[in-house]
Structure formats: structure tokens, C-alpha cells
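K.L.:
A single structure is presented below for examination.
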Amino acid sequence: MTRRAPPPLPRRRLTVLDMALFGLVAAAVVFVAWRVNSVLVYNWDWSRVLGFVARVDDDTGQWVSNLLLQGLFTTIRLAFWGTILAAIIGLVMGYWRTCDTLALRIISRAYVELIRNIPPLVFIFIFYFFISSQLFPALGLDSIDRDSPWVDNVFFRFAFGEPALFTNFLSGLICLALFEAAYITEIVRAGIQSIDRGQWEAGRAIGLSRGNLLRDIIFPQAVRKILPPLAGQFITLIKDSAIISLISVQELTFLATEVAATTGKTFETWILVAGMYFAICYLFAFVFARLERRAGRARR
Amino acid sequence: MTPSPLVEISGLCKWYDDFSALHDINLRVAEGEKVVICGPSGSGKSTLIRCINQLEAHQLGTIRVAGQEVRPGMKGIEAIRREVGMVFQGFNLFPHKTVLDNLTLGPIRNRGMDRSAARKLAMDYLAKVRIAEQADKYPPQLSGGQQQRVAIARALCMQPRMMLFDEPTSALDPEMIAGVLDVMEGLARDGMTMIVVTHEMGFARRVADRVVFMDEGEIVETAPPEQFFNAPRTDRAKLFLGQLLAH
């Protein structure tokens, strides 16, 4: 006897209740728009703000990026290098949290507790002072030759922005990475500890060294497990990069403050900036979701 | 002159905090010998064999493997572990690697074997445990019995001088057990030195040279299987066997 095919599952479609909910949300949006229009008496003017995204250069007659777009690029650079730096610090510290050496466990634990229990803003003010006024001079980084061919070339500008602003960019980057890496540390620790003890034992039993065991057995499995929370933390990093505008790193939020002040067009500026942040974060989440699916497929 | 034993344990003691897990264990296992360890759960059987390759550290006594003393925290433990294969109750295969990669990892990393030689070796052992057609699958795709046979092949790939089995069939469905025991019996016929912690008394009768009965962290009785099963000398062994048969 052949088994019957299963009946088709009902298709997901919008019900009356869904429509009612959409209606409520739309009504709320319309109400807010009406309030802004009638009560605030706000004079919308997007053209001035858009002029700060890109403008036509008077001398050459070509389109060039203006403050907001330059800020966006700096934020993207911060996001890119910050993610890499925070991932490296978080991976090392996360491993230290789980390793046998007591001193390393104490150091990494202290790092995590210190950063998690201080407001990011306060942390950044303190560390900015140390990094840019103490550490950089000690390393000689504040006196790098801005005209040397190592710094003044197209690749450097693409990767790190204006050479003149490099130390400023670097101090912001290190602050941001140190701050976010504390949270990544805890994610990595949880990932390593979620791996079954039997995996360690099996690796030891076939004579793997500790390094090989971590590289071949533990980390690959842990990384797969922590991809979702890691993606979330990286997106948080991008959003938190706005905080370092307060130490005058010329990223999107810093320059947007200037644009809003210059034009007086507060709403337009910040709505535009919000859209830019949304685009970066959403794109990042999309890429990570793809990555996650690929990692999931390899397992099957 | 009698050859020195492959494993020589004397005066071994181990505590978990103040709980005495192993007390004054003395055991010698000669090359080619097959020893079955049995006893009630919590009697220290697993702890004992896990001390041999230092998955557990002991506090007192000496363990020698092939003449070399095994100490907790010692350097170069990897060199001893490659001579001592181990099979676990829960298989412990690496789920993110294919069956073949599970097998080749040890030989490549520990023995420094090149990839193609390791693959050839691995395929030989997979054929030996009758599972060669599954080489490119991932462990979670296999049944429990198949996974345990892969785990045996993984241990054999290190070309060890002896094998430790820690309740290898306890986590298996009944219909899977025979296949795993078959592989183990084949290994015994080939002359492998084996220490097997198991409740499979039929296997013990067929394969063991000696049965070691443990209770409360001590070796209570050691005897050839016929003698142990038919005429146990101690009351504790009688009680244990009675419970096993009544079951």
C-alpha cells in the first residue's frame, strides 16, 4: 500500500487582524506627522542638507563628497577596522577566560568586568586621555610624517582616511574596539564553554597538542555557535561608533552635528544620518545571515 | 626473562576533593593481553583507564606505559597518547569534520604524516570496521553503531600499541551492539592489547584473558573469565554477578 501524500500546508496570508494592526500603526504615523506639521510649524527643506552629502566643486566642476558622505566613509572605516580589531581582542581574551593559567584568567576577567561596569562614555573619555596624550607620544605616533610616501598615498587614504586625521582616527578606533571587545570576550567564552567536554578528551586521546586541539576542534565549532550573537555585537559596534564623536573623531555623527548646527535643519540632517546608519547595519546583518546559512549547510 | 608489561600500575590513588575514587590499584597488562574491567557504576573503572592516558590526573602511585612513566601535567604526553588509543562511551567524534577527516587528523597532526598517506591509512581502517562507504559523511548523519565503529577506526589510525575502551556499547541501541563487539573481537584476534570497561559479559567470556572486578575504587578480584563468572571468590563479586543475571 502506498502512503498518501500529505495535504498541502495552508499558505500564510494576511488576516483581518493583521490589517487592523497595520491600520493602527499607519494612524499613529499620520498623527505624528500632523503634529509636526501643524503644531511645530517646521519648515522642511532637504536641499540644504543634501548639499552637505555631495557638492559640485567650484574649481573643477566635478561632484565631490561633502561632510556627511565623508563622515559616512569614516564610520565605515571605523566599522571595518573596529570589527577586525575587536574580534581579535575578543578571541584572545575569550580564550584566556577559559584557559588553565590562573593569571590569564584573572587578567581577562578584570578586563571584562572593568569595561562592562563603566558607562561607555566615561570609559572613552578616560581611555582617550591615556591613549592619545600618553600612549601615542610614547610610541611616536603623534609625530608621523604626513608627507611621507608611506602615509600620503591613495591606499592609505582609502583605508584610514586623511593622513592628517590619522592619530585622531586611531585613538577613536582603539577606544571603540577595546570597549566592544569586552562583550565579544564573553560571547567567545560562552562559545568555547558550550563545546562538550568529550570533544576535548577525544582530541587529547589522539595526541593533539593544546594548540592543535583549539585550532582544529574547539574554535571551529565554537565560532559556528556564536555567529548570531557575534553579528549582533558587531552591529552594536557600528552603532556605538557614534559615541566617539565626543572625542572629536570626525565620523558621521560628529560631522552631522556640525551640519545640523550650520544649516539649522535638525530633522532633515538626523533623519538622513539615521538612514545611513540603518543602511550599513542592515547590510552587515544581511551579509552575516548569509554567512550563517553557509556555516549551517556545511554541517549537514 | 619475562618481557616487561606494556602497562604497569602500582599503588595508584586518586581523590576528587576528599572522595577517594581509586585506592591502591595495582595492575599489569602484558603486550597482547586482553583485560575486561567490570563492576558497579561509580566503582572507578572509567577513572582507572582514563588515568592511563592522563585524561584524569592521579595523585599517588606510578603508571608506566611501555616502560615510560606517565605523570600528571608532564611534557610530551602526546607521545604516550599516540601509543594508547581510546574509545569513549559517547563516541566523541568531531561533528564538524567528515568521517575521513576525523580519522586523518591525529596521524597528520601528531605523527606528521602527509595527507595522502593518512587518507590511505584511514580508508584501510574504515574498511576494517566495514564502513568505508561513509567516509565523506559527517558523524551526525550516521547511526550510533556506525559512529562508534568510526571512533574505533579513528583510534586505530594512530597505530597505537594498545586500546582502551570505556563502556563502548553502553550508549548504543541493542541492535547496534553486535556490530561494534564484532569489530572489537576482530581486533582482539589480531593480537591488539586491550583494556575494556564493559557490562557485556558474553564479550568478556569470549575475549578476555583476565577479568578485573572493581568496587568502591578498589580491585576486588582478578581471575580468568571462566573462573570469575562460574566461581567468583568474593561476596561483592557474587552480589554484582547476581544483580547482572537477575536483570
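The values are calculated or read from the model by the stated rules, or taken from the named source; none is laboratory data. It should be emphasised that the depicted structure is a prediction, and the values quoted were computed from it without experimental measurement. Virtual Cβ from ideal backbone geometry, glycine too; neighbours counted across all protein chains shown. For accessibility, only protein heavy atoms count, side chains too; no ligands or nucleic acids. Shrake-Rupley method; radii C 1.70, N 1.55, O 1.52, S 1.80 Å.
K.L.:
Counting only other chains, what is the mean number of Cβ atoms within 10 angstrom of the Cβ of each residue in peptide B:230-242? Write down the numbers at each step before the final one.
P.N.:
Working: counts 0, 0, 0, 0, 0, 0, 0, 0, 0, 0, 0, 0, 0.
The mean count of partner-chain Cβ atoms within 10 Å per residue comes to 0.
K.L.:
How big is Rg to Rh over the range A:139-267, alpha-carbon atoms, Rh as the Kirkwood inverse-mean-distance radius?
P.N.:
Working: Rg = 21.3 Å, Rh = 18.3 Å.
Rg divided by Rh gives 1.16.
K.L.:
Now for a different question. Leaving ligands, DNA and RNA out of it, report the carbon-plus-sulfur percent of the accessible area of the range B:71-141 at a 1.4 Å probe.
P.N.:
Values: 1550 of 3260 Å².
The nonpolar share, carbon plus sulfur, comes to 48 percent.
K.L.:
Express the relative contact order of the range B:59-195 as a whole percentage, based on alpha carbon pairs under 8 Å and six or more residues apart in sequence.
P.N.:
Details: 172 pairs, mean separation 42.8, N = 137.
For the range B:59-195, the relative contact order is 31 percent.
K.L.:
Hey, got the Cα dimensions of the range B:173-215 along the principal axes, in Å, largest first?
P.N.:
29, 26, 13
K.L.:
Peptide B:86-92: average number of partner chain Cβ atoms within 10 Å per residue? Could you put the intermediate results ahead of the total?
P.N.:
On the way: counts 5, 2, 4, 1, 5, 2, 9.
Across the residues of B:86-92, the mean count of other-chain Cβ atoms within 10 Å is 4.
K.L.:
Shifting gears a bit: Report the far tail of the P(r) of the range A:132-183, meaning the percent of Cα-Cα pairs longer than 14 Å. Working shown, then result.
P.N.:
Numbers: 766 of 1326 pairs.
Pairs farther apart than 14 Å: 58 percent.
K.L.:
Using only the alpha carbons of the range B:42-103, what is the convex hull's orientation-averaged projected area in square nanometres? Let's see the in-between values first.
P.N.:
Values: hull surface 22.2 nm².
The orientation-averaged projected area of the Cα hull of the range B:42-103 comes to 5.6 nm².
K.L.:
Mind jotting down the distance between the C-alpha centroids of the range B:174-193 and the range A:194-236, whole Å?
P.N.:
What the calculation gives is 32 Å, centre to centre.
K.L.:
Give me the mean projected area, in nm² to one decimal, of the convex hull enclosing the Cα positions of the range A:249-300. Please list the in-between numbers first.
P.N.:
Working: hull surface 17.4 nm².
Mean projected area for the range A:249-300: 4.4 nm², to one decimal.
K.L.:
Have a look at A:SER132, A:THR167, A:PRO229 and report the one farthest towards the positive end of the charge dipole of chain A, computed about the Cα centre with Cβ charges (Lys/Arg +1, Asp/Glu -1).
P.N.:
My answer, from the dipole projection, is A:PRO229.
K.L.:
Packing-wise, with mean Cβ within 10 Å as the measure, how do A:21-32, B:130-141 rank, highest first? Please list the in-between numbers first.
P.N.:
Details: A:21-32: 10.2, B:130-141: 15.7.
Ranking the peptides A:21-32, B:130-141 by packing returns B:130-141, A:21-32.
K.L.:
A further question on this structure: Can you tell me, using C-alpha contacts under 8 Å and at least 6 residues apart, the relative contact order of the range A:218-285 as a whole percent?
P.N.:
Details: 27 pairs, mean separation 21.5, N = 68.
Answer for the range A:218-285 is 32 percent.
K.L.:
Whole-Hz Karplus ³J(HN,Hα) for the range A:40-50, in order, using 6.51 cos²θ - 1.76 cosθ + 1.60 and θ = phi - 60°, x for Gly and Pro?
P.N.:
Running phi through 6.51 cos²θ - 1.76 cosθ + 1.60 with θ = phi - 60° gives 6, 6, 9, 9, 5, 8, 7, 5, 5, 5, 5 Hz.
K.L.:
Tell me, what is the Rg over Rh of the range A:67-171, with Rh the Kirkwood radius over Cα pairs?
P.N.:
Working: Rg = 16.8 Å, Rh = 16.1 Å.
Rg divided by Rh gives 1.04.
K.L.:
Against the longest alpha carbon principal axis of chain B, how many degrees, from 0 to 90 and to the nearest 10, is the axis of helix B:174-189 turned?
P.N.:
90
K.L.:
I'd like the distance separating the alpha-carbon centroids of the range A:4-33 and the range B:81-112, in whole Å.
P.N.:
About 52 Å separates the Cα centre of the range A:4-33 from the one of the range B:81-112.
K.L.:
Can I ask one more? Could you give P(r) for the range B:199-247, binned at 10 Å from zero, as whole percent values over all Cα-Cα pairs?
P.N.:
Percent of pairs per bin, in order: 27, 62, 12.
K.L.:
Going by alpha carbons, how many degrees (0 to 90, nearest 10) lie between the helix axis of B:99-109 and the longest principal axis of chain B?
P.N.:
80
K.L.:
May I pose another question? Mind giving me the FRET efficiency for A:ALA103 and A:ILE144? R0 is 45 Å, r the Cβ-Cβ distance, nearest 0.05 is fine.
P.N.:
Working: r = 35 Å, r/R0 = 0.77.
Once rounded, the FRET efficiency stands at 0.85.
K.L.:
Another one. Size of the dipole of chain A about the Cα centre, Lys and Arg at +1 and Asp and Glu at -1 on the beta carbon, nothing else charged, in debye to 20? Please list the in-between numbers first.
P.N.:
Numbers: 30 positive and 22 negative charges, 471 e Å.
Dipole about the Cα centre, nearest 20: 2260 debye.
K.L.:
Moving on. Please report the buried accessible area for the interface of A with B, total over both chains, probe 1.4 Å, in Å² to the nearest 100. All intermediate terms of the calculation are to be shown ahead of the outcome.
P.N.:
On the way: alone 18880 and 11610 Å², together 28570 Å².
Chains A and B together bury roughly 1900 Å² of accessible area.
K.L.:
At q = 0.13, 0.14 Å⁻¹, what base-10 log of I(q)/I(0) does the Debye formula yield for the range B:1-148 when every alpha carbon is treated as an equal point scatterer in vacuo?
P.N.:
Treating every Cα as an identical point scatterer, log10 I(q)/I(0) equals -0.75, -0.85.
K.L.:
Compute the length gained on full extension between B:ALA57 and B:ALA246: take 0.36 nm times their separation in residues and subtract their Cα-Cα distance, giving the result in nm to one decimal. Please list the in-between numbers first.
P.N.:
Details: separation 189, 0.36 × 189 = 68.04 nm, distance 3.62 nm.
Difference between extended and current length: 64.4 nm.
K.L.:
So how tilted is helix B:144-156 from the main axis of chain B? Cα-based, degrees 0 to 90, rounded to 10.
P.N.:
Long axis of B:144-156 versus the principal axis of chain B: about 90 degrees.
K.L.:
Continuing with the same structure: Please report the orientation-averaged projected area of chain A, defined via the convex hull of its C-alpha atoms, in nm². Walk me through the numbers before you get to the answer.
P.N.:
Numbers: hull surface 110.3 nm².
If you wrap the Cα atoms of chain A in a convex hull and average its projections, you get 27.6 nm².
K.L.:
Let me ask something additional. Using θ = phi - 60° and the Karplus form 6.51 cos²θ - 1.76 cosθ + 1.60, what ³J(HN,Hα) does each residue of the range B:110-124 get, whole Hz, x for Gly and Pro?
P.N.:
8, 8, x, 6, 7, 4, 6, 5, 5, 5, 5, 4, 4, 5, 4
K.L.:
Taking each pair of distinct Cα atoms in the range A:214-300 once, what is the resulting Kirkwood hydrodynamic radius in Å? Mind showing how you got there, number by number?
P.N.:
Details: mean 1/r = 0.0654 Å⁻¹.
Evaluated on the range A:214-300, it is 15.3 Å.
K.L.:
What average count of beta carbons from other chains do you get within 10 Å of the Cβ of residues in A:216-227? Intermediate values should be presented prior to the final figure.
P.N.:
On the way: counts 7, 5, 1, 0, 3, 4, 0, 1, 2, 0, 0, 0.
Taking the mean over all residues of the peptide, I get 2.
K.L.:
On to the next question. With every protein chain present, what is the per residue accessible area of the protein assembly as shown (1.4 Å probe, Å²)? Numbers along the way, then the final one.
P.N.:
Numbers: 28570 Å² over 547 residues.
Solvent-accessible surface per residue comes out at 52 Å².
K.L.:
Further, regarding this structure: Hey, what did chain A get for relative contact order, percent, Cα under 8 Å, at least 6 apart?
P.N.:
25
K.L.:
Kindly write out, for the range A:176-182 in residue order, the coupling ³J(HN,Hα) from the Karplus curve 6.51 cos²θ - 1.76 cosθ + 1.60 (θ = phi - 60°), rounded to whole Hz, with x marking Gly and Pro.
P.N.:
Calculated HN-Hα couplings, in order: 4, 5, 4, 5, 6, 5, 4 Hz.
K.L.:
Right, another one. If you take every DSSP beta bridge fully contained in the protein assembly as shown, what fraction is antiparallel? Give it as a percent rounded to 5.
P.N.:
Numbers: 22 of 39 bridges.
In the protein assembly as shown, DSSP labels about 55 percent of beta bridges as antiparallel.
K.L.:
A further question on this structure: What does the protein assembly as shown give for Rg and for Dmax, in Å, if only its C-alpha atoms count?
P.N.:
Expressed in Å, the Cα Rg and Dmax of the protein assembly as shown come to 32.9, 107.
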